[in-house]
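Below: one structure, written as structure tokens.
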Amino acid sequence: MKLATLRDGSRDGRLVVVSRDLTRASRVPHIARTLQAALDDWAHVAPRLADVAQMLETGAEPDERFHERDALSPLPRAYQWADGSAYVNHVELVRKARGAEMPASFWEDPLMYQGGSDSFLAPRGPIRMTDEAWGIDCEGEVAVIVDDVPMGADTETCRDAIKLVMLVNDVSLRGLIPAELGKGFGFFQSKPSSAFSPVAVSPDELGEAWDGGKLTLPLMVDLNGEAFGRANAGVDMTFDFPQLIAHAAKSRPLSAGTIIGSGTVSNKGPDGDPGKPVSEGGAGYSCIAEIRMIETIANGKPSTPFLRFGDTVRIEMKNADGHSIFGAIEQSVERT
């Protein structure tokens with residue numbers, strides 16, 4: 001099933017079930033008013049939502065036109081948003097960009113930070129910033145929403161806890177990161193609000209592309225209407241989602257509705273090199289920081305600018321038939 005949250009004037013919006021082709025939606029206030037309410041009682045609510053989804057496909061359920069522009073992030077705010085960095089190729093490149101060596105332990109133990117989860121951006125809402133000099137960057141990722149996870153859960157328990165899958169634009173301010181990390185206390189100002197895809201999808205909708213821990217499909221990232229990234233989310237993922245969830249739950253339980261991100265999807269080139277731009281036949285990049293690092297290696301300095309006011313980012317994933325799975329995140333950068 002596919003679920004979305006539509007604007008209704010409240011902070012948390014109203015939950016709807018969306019058709020597989022993303023054209024129609026059915027309201028479900030008699031089952032759960034919000035997605036968080038559904039997640040709080042998932043074992044009982046999910047089968048009822050799945051029934052609505054099935055009836056929606058057969059025309060047996062009342063529906064309305066679904067417009068992605070009317071959607072908030074599936075969870076407009078969440079109890080917890082923890083973003084991993086499962087693609088170590090990305091970690092290696094961005095650390096080089098700020099002159100930091102990568103410890104060998106990064107291949108064995110995931111990186112993760114706890115992001116702000118009180119005000120997610122709408123998938124078609126603007127990215128509002130004060131200063132371009134902050135180094136505004138997009139980061140195309142996959143994310144999952146979990147049910148309750150006990151502290152110390154093993155990876156099989158964590159695999160079973162995955163209830164929904166989404167895409168995310170984890171906005172980063174590259175110009176603020178080095179000084180902030182230099183304090184030794186992690187991200188805060190350099191990680192503003194993120195945006196999630198218009199629709200969250202149950203794993204069974206993903207077919208063979210989902211193996212229980214990885215989603216093996218290209219993540220399409222476009223900048224200003226041009227293809228920028230086509231990296232496959234199932235390739236070069238050093239840590240899968242069950243491993244990331246287990247990492248997050250090592251010393252604390254995770255509440256239903258916790259969101260776990262994959263980190264920026266990143267593929268190496270066929271020879272183990274950092275990879276080439278889409279325009280040169282490569283898989284491209286899911287963030288600007290990567291291509292800037294590659295430009296620096298090749299030319300001594302970067303030539304691709306970070307996002308500027310007026311730029312547009314689009315992040316989407318399509319199935320084997322070419323149909324959008326989650327809808328598209330499409331955001332313009334605006335001066336606040």
task = Answer yes if at least one residue in segment 54-64 is surrounded by 14 or more Cβ atoms within 10 Å (Cβ to Cβ) and within 30 Å of GLY275 (Cβ to Cβ), and no otherwise.
result = no
remark   = Those residues of segment 184-208 which are open to solvent by 20 Å² or more (accessible area, probe 1.4 Å) and either assigned to a helix (DSSP H, G or I) or modelled with pLDDT of 95 or more (or both) amount to PHE188, GLN189, LYS191, PRO192, SER193, PRO203, ASP204, GLU205, GLY207, GLU208
request  = Kindly provide the set of residues from segment 216-240 that are assigned to a loop (DSSP other than H, G, I, E, B) and within 17 Å of VAL91 (Cα to Cα), ordered by number.
outcome  = ALA231, ALA233, GLY234, VAL235, ASP236, MET237, THR238, PHE239, ASP240
task = Identify all residues within segment 140-160 that are out of contact with any Phe, Trp or Tyr (no Cβ under 6 Å at 6 or more places or on another chain) and open to solvent by less than 10 Å² (accessible area, probe 1.4 Å); write none if there are none.
result = GLY140, GLU141, VAL142, ALA143, ILE145, VAL146, VAL149, CYS158
message = Please determine whether any residue of segment 150-161 is in a loop (DSSP other than H, G, I, E, B) and within 29 Å of ASP222 (Cα to Cα).
response = no
query = If you check GLY269 against the conditions, is it surrounded by fewer than 24 Cβ atoms within 10 Å (Cβ to Cβ), without any contact (Cβ under 8 Å) to a residue 24 or more places away in the chain, out of contact with any helix residue (DSSP H, G or I) (no Cβ under 9 Å at 6 or more places or on another chain) and closer than 28 Å to GLY175 by Cβ?
reply = yes
task = Among the candidates ARG124, ARG128, single out the residue that is out of contact with any Ser or Thr (no Cβ under 6 Å at 6 or more places or on another chain) and over 16 Å from ILE259 (Cα atoms).
result = ARG124
ask   = Taking ASP21, is it among the acidic types (Asp, Glu), touching a Lys or Arg at 6+ places or on another chain (Cβ under 9 Å) and either in a helix (DSSP H, G or I) or touching a residue at least 40 places away in the same chain (Cβ under 8 Å) (or both)?
value = no
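The values are calculated or read from the model by the stated rules, or taken from the named source; none is laboratory data. The structure presented is a predicted model; accordingly, all values stated were derived computationally and were not measured. Here the Cβ is made from the backbone with ideal geometry for all residues, glycine too, and neighbour counts use every protein chain on show. Just so you know, the surface numbers come from the protein's heavy atoms only, side chains and all, with ligands and any DNA or RNA stripped out. Shrake-Rupley method; radii C 1.70, N 1.55, O 1.52, S 1.80 Å.
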